[in-house]
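Encoded as structure tokens, the structure appears first; notes follow it.
Each reported figure results from applying straightforward, stated rules to the coordinates on display, with no laboratory input. Computed from a prediction, not measured in an experiment: that's the story for all the values here. Ideal geometry is used to build each Cβ from the backbone, glycine not excepted, and the neighbour counts take in all protein chains shown.
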Amino acid sequence: MTGAEAILKVLEEEGVEVIFGYPGGAVLPIYDALFKNNSIRHILVRHEQAAVHAAEGYARSTGKTGVVLVTSGPGATNAVTGLTDALMDSIPVICLTGQVPTHLIGNDAFQEADTTGITRPCTKHNYLVKTVEALVPTVREAFHVAAKGRPGPVVIDLPKDIQLAETVFPDRVAGVTERRYQPKVEPERALIRQAAEMLASAKQPVIYGGGGIINSGPAASDALRELVALTGFPTTLTLMGLGALPATDKHFLGMLGMHGTYEANLTMYHCDVMLNLGARFDDRVTGRTSDFSPNSKRIHVDIDPSSINKNITVDLPIIADAGRAITMLVEELKSMGFKPDKSALDKWWGAIDNWKKVNCLSFDQTGEVIKPQHAIHRLWEMTRDQKVYVTTEVGQHQMWAAQYFGFDEPNRWMTSGGLGTMGYGLPAAMGVQVGNPDGLVIDIAGEASFMMNMQEMSTLAQ
């Protein structure tokens, strides 16, 4: 078989069902092979940026790895915004990029670009495949790297001659791929025990969850619900963590940070023990770091070691998958016979309830003009009994959606958090719909963001 045919076979091996792409000369061998392939669906987008955003929406809503196929040069550079977005928000995406033939690399050939150099800062890892023998092992490793540890985008740059070369499809050797990249996911039992002891002694605790819970999988959100029910602790979530705890849960304080609720922010400021689960203390949450939760003992669970003590110094760092850490923490609390300090917790909730009286998200719907807040809240009320997925563009409408549309399940909220990419929502909604054909997918958009990738209306129509 050719290298191009081998690529499709290994994609099938990895469970790929759909590719979002745009053809060009440097990937024509793959498209020729794809034309004969009956198991992988191809979605022809109208811009490479949209291909990556669609793959992001697909990945975040299904828990699978999204796959993108673009040509060399401008095809690859057009994908950079999407790749950076996926890196910032920890979305597993494989981006296959065409490249000029090996002997022309470095000669300023037609549609040549230093794709690996350009994408090094905006990917979790990237590869330039130099031999056809390395092709299949590289793709296998790329899927492992993209999905394990802190997820992220991986680029595989494919010279055209490698795609055309003849090869023999190699068998998978168990453990070979995994040995090269082994992120730590299991927390140390002693640290979990220490965290449990800190929580047990807390008088004014708060649980602070982020996108790491969503990325861990639905079981992590189930474990968080169990932890919150067991402890009775007030809980807040970041923009990327919405849905990890139901918006209707009585312990949920709303979103944290500059667009968060009054009660969530004051709870964080006055708490004595903070449990951070899969959030990275980004600037939109902390504000001035010297004033962020100044009197608390801080426990930080994160799968990415580089996030620990990066923005906020913590007292107990735990490098682990958020889901595993929460599960073990629940087990530890139960084994030690944990009972919350009812008197202290009642007093703490009393203070929080007073802050809630400010009713910071209230608005006055008067006059003939429908306020966006009212429209979004009514949209939520009218669709609560349906299988709803929401994407957004970026801007004030994004924050209104986060504030007024309640999410009771994980993987139902797709937005551009870290990079803040206008034009994300429409193509992301496309990817969500492909991955969830029976779902109701809503893109809450502002008119300026919509125009960034409005060409994808043509893709949707097709």
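Angle of helix 372-383 to the longest C-alpha principal axis of the chain, folded into 0 to 90 degrees and rounded to 10: 80°. For the chain, a crude dipole built from +1 on the beta carbon of Lys and Arg and -1 on the beta carbon of Asp and Glu, taken about the Cα centre, is about 980 debye to the nearest 20. The calculated FRET efficiency for the pair ARG193 and ASP438, based on their C-beta separation and a Förster distance of 41 Å, comes to about 0.40.
Ranking CYS122, CYS271, CYS360 by Cβ neighbours within 10 Å, fewest first, what do you get?
Lowest count first: CYS360, CYS122, CYS271.
Taking label points 7 Å from Cα along the Cα-to-Cβ direction, LYS203 and SER343 give a separation of 1.1 nm. The H on the amide N of ILE19, modeled in the peptide plane, is under 5 Å from the matching H of ARG41, HIS42, ILE43, each at least 5 residues off or on a different chain.
Computed over the Cα atoms, what is the radius of gyration of region 52-112 divided by 2.2 N^0.38 Å, N being its residue count?
1.27
Between ASN354 and LYS310, the simple spin-label model (points 7 angstrom out along Cα→Cβ) gives 3.7 nm.
Cβ-to-Cβ counts within 10 Å put MET451, MET328 in ascending order as MET451, MET328, the fewest first.
One Cα centroid belongs to region 400-425, the other to region 96-136; the line between them spans 33 Å. Can you tell me the orientation of helix 48-62 relative to the chain, as the angle in degrees between its alpha-carbon axis and the longest Cα principal axis, to the nearest 10? Rounded to the nearest ten degrees, it is 50. In summary, the aspartates and glutamates within cross-link reach of LYS9, defined as a Cα separation below 17 angstrom excluding same-chain residues under 8 places away, comprise GLU17, ASP32, GLU133, GLU141, GLU166, ASP171. If the chain linking GLU178 and TYR262 were pulled fully straight, counting 0.36 nm for each residue of separation and taking away their Cα-Cα distance, it would gain 25.7 nm. In plain terms, the chain from PHE169 to GLU447 could stretch by 95.2 nm, reckoned as 0.36 nm per residue minus the Cα-Cα distance. Cα centroids of region 154-233 and region 4-27: how far apart, whole angstrom? First find each Cα centre; the distance between them is then 26 Å. Distance between the pseudo-spin-label points of GLN462 and SER290 (7 Å out from Cα toward the beta carbon): 5.5 nm. Pairs of Cα atoms in region 3-180 fall into 10 Å distance bins, from 0 up to the last occupied one, in shares of 11, 43, 39, 8, 0 percent. Ranked by the mean number of other Cβ atoms within 10 Å of their residues, highest first, the peptides 444-450, 42-48, 232-238 come out as 232-238, 42-48, 444-450. Ordered by the number of other Cβ atoms lying within 10 Å of each residue's own Cβ, fewest first, SER335, SER61 fall into the sequence SER335, SER61. Annotation: for a label point projected 7 angstrom from Cα along Cα→Cβ of MET336, residues of region 261-302 with backbone N closer than 20 Å are 271-278, 296-302. For region 359-427, the equivalent ellipsoid built from the Cα gyration tensor has semi-axes of 21, 16, 11 Å, listed from largest to smallest.
Among 289-299, 384-394, sorting by the average number of other beta carbon atoms lying within 10 angstrom of each residue, highest first, gives 384-394, 289-299.
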